[in-house]
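Working notes for the structure below.
The values are calculated or read from the model by the stated rules, or taken from the named source; none is laboratory data. Remember, predicted model here, so these are calculated numbers, not experimental data. Here the Cβ is made from the backbone with ideal geometry for all residues, glycine too, and neighbour counts use every protein chain on show.
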Amino acid sequence: MTKHILSIDQFTRKDIEKLFKRAEHFKAIVEKDGGTDLLKGHVSANLFYEPSTRTSSSFAAAMYRLGGNVIPINDVQYSSVSKGETLEDTVRTLEQYADVIVLRHPDVGAAKRAAGVASVPIINAGDGVGEHPTQALLDLFTIFEEQGRVDGLSVAMLGDLKNGRTVHSLAKLLALYDVELLAVAPNELAFPPEYGKVKTYESLDKVIDKADVLYVTRVQKERFASLEEYEKVQGSYIIDGDVANKMKKSASIMHPLPRVGEIHFDVDANPRAAYFRQMRNGLYVRMALLEQVQAN
């Protein structure tokens with residue numbers, strides 16, 4: 001493992017097993033004591049060029065619960081970026097104050113560019129339609145927690161599979177396991193073939209009773225060239241209580257959030273609904289990642 005967390009490609013099953021053991025350790029600590037002072041004196045800079053609620057707050061909470069502190073930069077239009085400062089110079093500046101930089105950027109490959117000049121670890125918190133490795137890791141951790149295993153499962157991905165960086169990263173991670181991957185999307189939002197072998201469908205009915213895990217994504221309005229193109233596919237699939245109850249009793253419904261109508265609120269009380277537990281798991285996985293990069 002390198003000191004940076006840039007891509008799912010850098011993880012092996014052994015790496016994941018080790019990481020998840022630490023995540024379980026931190027889960028127990030948070031539930032018992034609220035946190036630890038393991039990274040006392042450490043500072044992370046959360047540099048977000050795109051809006052974020054879950055990822056930015058989860059990384060901040062992870063560092064605080066490890067005893068460290070956070071420099072939050074969530075509105076770059078009010079920073080030196082608005083004056084024309086390059087990503088590279090922003091990274092070189094922040095590394096003077098922080099021990100790790102958590103970066104979200106709209107450009108694919110931005111995290112790799114940042115790592116090319118950084119003397120502190122860079123954690124990729126999402127780069128355009130590319131990857132979101134820490135989300136994929138917390139997603140996989142959630143599958144382990146909910147299902148007790150990954151090998152032998154049938155995982156269905158639903159929605160915007162073209163633009164969804166969360167599904168791209170998760171698919172690459174699942175390729176390390178013996179998993180049947182099902183992709184359900186309209187043709188306009190089909191799963192890119194470079195992210196792995198999948199069985200493709202346009203109808204959810206074909207897979208709803210087969211899936212052990214249903215990973216739902218929103219149609220990403222911000223990735224479309226026009227409102228007309230977005231409205232053509234928005235609302236293609238809706239998960240309501242009736243749809244959820246067609247799934248196996250042991251199935252899990254996941255979503256990286258935010259949701260914009262694709263999962264009805266009446267699903268929230270269904271025991272299959274794992275998406276808020278999924279968000280909570282992000283705290284433990286990101287605590288483990290922060291510990292890992294600061295230990296290197």
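Any residue at all in the stretch 215-231 that is assigned by TED's automatic domain parsing to the domain that holds Phe141, part of a loop (DSSP other than H, G, I, E, B) and modelled with pLDDT of 80 or more? Within the stretch 215-231, one or more residues are assigned by TED's automatic domain parsing to the domain that holds Phe141, part of a loop (DSSP other than H, G, I, E, B) and modelled with pLDDT of 80 or more.
Residue under question is Ala171, and the condition is that it be under 17 Å from Pro192 (Cα atoms) and aliphatic (A, V, I, L, M); does it hold? So Ala171 passes the test. If we scan the stretch 35-45, do we find a residue that is in contact (Cβ under 8 Å) with a residue 60 or more places away in the chain and among the polar types (S, T, N, Q)? Looking through the stretch 35-45, at least one residue is in contact (Cβ under 8 Å) with a residue 60 or more places away in the chain and among the polar types (S, T, N, Q).
Count of the stretch 178-188 residues, restricted to those that are within 23 Å of the chain's Cα centre (by Cα) and surrounded by fewer than 20 Cβ atoms within 10 Å (Cβ to Cβ), is 4. Taken over the stretch 241-262, the criterion of being surrounded by 13 or more Cβ atoms within 10 Å (Cβ to Cβ) and either in contact (Cβ under 8 Å) with a residue 60 or more places away in the chain or in contact with a His (Cβ under 6 Å, 6 or more places away or on another chain) (or both) is satisfied by Ser252, Met254, Pro256, Leu257, Glu262.
Taking first residues from the stretch 138-149 that are over 15 Å from His25 (Cβ atoms) and partners that are surrounded by fewer than 19 Cβ atoms within 10 Å (Cβ to Cβ) and of a type in the set (Ser, Thr, Tyr), the Cβ contacts under 8 Å between residues at least 6 apart in sequence or on separate chains come to Gln147/Ser250.
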